[in-house]
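Here is the structure we will look at.
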Amino acid sequence: MLLAYRCALASPRVTATAIEANEFPRLAEEMEVWAVPRIAVNGVPQWDGSVPERTFLQRVLSPGYE
Amino acid sequence: MPILRPDEEARVRELFAALERPVELLVALGPEPTPLPGAHDLDFGSETVRIAEGLAELSANVSCRVEQEPAGFPRFPAISIQPEAQDVGVRYDGLPWGYELGSLVGGVLEAGKDEPTLRPESREALATLDRDLAIDVFVTPT
């Protein structure tokens, strides 16, 4: 979670939201949340699990991740 | 009931003492989803306020404000973590309980730093971003 927050704090183009999956089950289902952390970028589910900063940046900045 | 054990509270106080700028926790309240099974009579909004106010008591650099249905919040309850009372898009949607209290504390610590803590190459990569990115991280309290 903190990597996403750091990105939002570093760029005005980025927002980062932690979403408590149990509390918003409909959205969690839409985002196919079966494991956490589950990362979605621009409303599209992407990957599960924590990754190193370099990988995180590569993934969220990749044109395929949106 | 306190939100932190005494040892946890002491540790968070210590961490918050290192804040380099004020951080405001804007708690957004509004209509909530159907209560979760097993949640009994838990009022998620009131609990979220209690947690934000509890954290604000641990440092003069942390404050808490509560608003009803502010614009731009798709879900309630939610907390906007705001460095110097500026909305920079750092949020926690839901009640930050259990493990997730750590995410909120971590968000406050990050927001309280004058400079982002990403590596220089990461900051350079973000500086080239030519589109908006909304990163959602789904979490659970356990």
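Bear in mind these aren't lab numbers, they're just calculated from the coordinates by the rules spelled out. These numbers come from a predicted model, not from an experiment. FYI the Cβ positions are ideal-geometry reconstructions off the backbone, even for glycines, and counts take in every protein chain you see.
For this structure, a couple of remarks:
- Estimated vicinal HN-Hα couplings, Hz - region B:56-72 in sequence order (Karplus 6.51, -1.76, 1.60; Gly, Pro = x): 5, 6, 8, 7, 5, 8, 10, 10, 9, 9, 10, 10, 8, 6, x, 5, x
- Once the Cβ-Cβ distance of B:E20 and B:T142 is raised to the sixth power relative to R0 = 35 Å, the FRET efficiency obtained is 0.60.
- Pairs of Cα atoms in chain B fall into 5 Å distance bins, from 0 up to the last occupied one, in shares of 2, 9, 18, 22, 20, 14, 9, 4, 2, 0 percent.
- On the beta carbon distance between B:D41 and B:T128, with R0 = 41 Å, the FRET formula returns roughly 0.25.
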